[in-house]
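S.K.: Quick one: the structure is below, questions incoming.
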Amino acid sequence: QVQLVESGGGLVQAGGSLRLSCAASGRTFSSYAMGWFRQAPGKEREFVAAIRWSGGSTYYTDSVKGRFTISRDKVKNTVYLQMNSLKPEDTAVYYCATRPRGSTWYTKFYEYDYWGQGTQVTVSS
């Protein structure tokens, strides 16, 4: 079992930055990868970024490339999402999740098994 707790969300002006944290406990070491998803009002859950727990390879959706950086600290069992140059369209609830297996379908929410409660990110214009 894995428990995930997100933090770091808040209100920021366009162009600003936030760093989200996802503290994990339990069998995090057995997870293949961890990812960030977001869901805005009236929209479907969207893949943002993922990182392989062991090797550290990263993957991003096109809309955040060059602005967001995902990283992990294996000692602290924590994954981060550094968000720079934030835009109003980044406004959403951001969720951290674990992925138990590897495949090319890492952008699909159903590939992930454990989820955090989410943290709200609001970017004002």
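The values are calculated or read from the model by the stated rules, or taken from the named source; none is laboratory data. Everything numeric here is computed off the predicted structure, so don't read it as measured data. Every residue, glycine among them, receives a Cβ derived from its backbone with ideal geometry; neighbour counts consider all protein chains shown. For accessibility, only protein heavy atoms count, side chains too; no ligands or nucleic acids. Shrake-Rupley method; radii C 1.70, N 1.55, O 1.52, S 1.80 Å.
S.K.: Roughly how many Å² is the accessible area per residue of the chain, as a whole number, for a 1.4 Å probe?
M.R.: Heavy-atom SASA per residue in the chain reads 52 Å².
S.K.: Using Cα centres only, tell me the gap between region 69-125 and region 17-36 in whole Å.
M.R.: If we compute the Cα centre of each part, the gap is 8 Å.
S.K.: What is the extension gain from THR104 to ASN84, computed as 0.36 nm multiplied by their sequence separation minus the C-alpha to C-alpha distance, in nm to one decimal? Each step should come with its number before you reach the end.
M.R.: Details: separation 20, 0.36 × 20 = 7.20 nm, distance 2.68 nm.
Once the chain is fully extended between THR104 and ASN84, it gains 4.5 nm.
S.K.: Which three lengths, in whole Å and largest first, does region 50-90 cover when its Cα atoms are put on their principal axes?
M.R.: So the extents along the principal axes, rounded to whole Å, are 33, 17, 12.
S.K.: So, one more: Which FRET efficiency value, to the nearest 0.05, do you get for SER7 and VAL75 by plugging their Cβ-Cβ distance into 1/(1 + (r/R0)^6) with R0 = 25 Å?
M.R.: Values: r = 18 Å, r/R0 = 0.72.
The calculated FRET efficiency here is 0.85.
S.K.: I need the calculated FRET efficiency for the pair ASP113 and ARG19, taking r as the beta carbon distance and R₀ as 22 Å, to the nearest 0.05.
M.R.: After rounding, the FRET efficiency stands at 0.35.
S.K.: Still on this structure, please answer the following. Would you kindly find the accessible area of ARG19, with a 1.4 Å probe and non-protein molecules such as ligands, DNA and RNA excluded, rounding to the nearest 10 Å²?
M.R.: Its heavy atoms expose roughly 130 Å² to the probe.
S.K.: For the chain, report the convex hull volume of the alpha-carbon atoms normalised per residue, in Å³, without decimals.
M.R.: 93
S.K.: Continuing with the same structure: Where nothing but the Cβ of Lys and Arg (+1) and of Asp and Glu (-1) is charged, how large is the charge dipole of region 1-90 around its Cα centre, in debye to the nearest 20?
M.R.: Roughly 240 debye for region 1-90.
S.K.: Expected output is a single nm value to one decimal: the length gained when fully extending between LYS43 and THR58, i.e. 0.36 nm times separation in residues minus the C-alpha distance. What is it?
M.R.: 2.9 nm
S.K.: How much length, in nm to one decimal, is gained on full extension between LYS65 and SER125, taken as 0.36 nm per residue of separation minus their Cα-Cα distance?
M.R.: 19.5 nm
S.K.: Sticking with this one: Defining a contact as two alpha carbons under 8 Å apart and six or more residues distant in sequence, what relative contact order in percent does the chain show?
M.R.: Values: 313 pairs, mean separation 44.7, N = 125.
Relative contact order comes out at 36 percent.
S.K.: Work out the charge dipole of the chain with +1 on the Cβ of Lys and Arg and -1 on the Cβ of Asp and Glu about the Cα centre, then indicate which of LEU86, GLN1, TYR112 is farthest towards its positive end.
M.R.: GLN1
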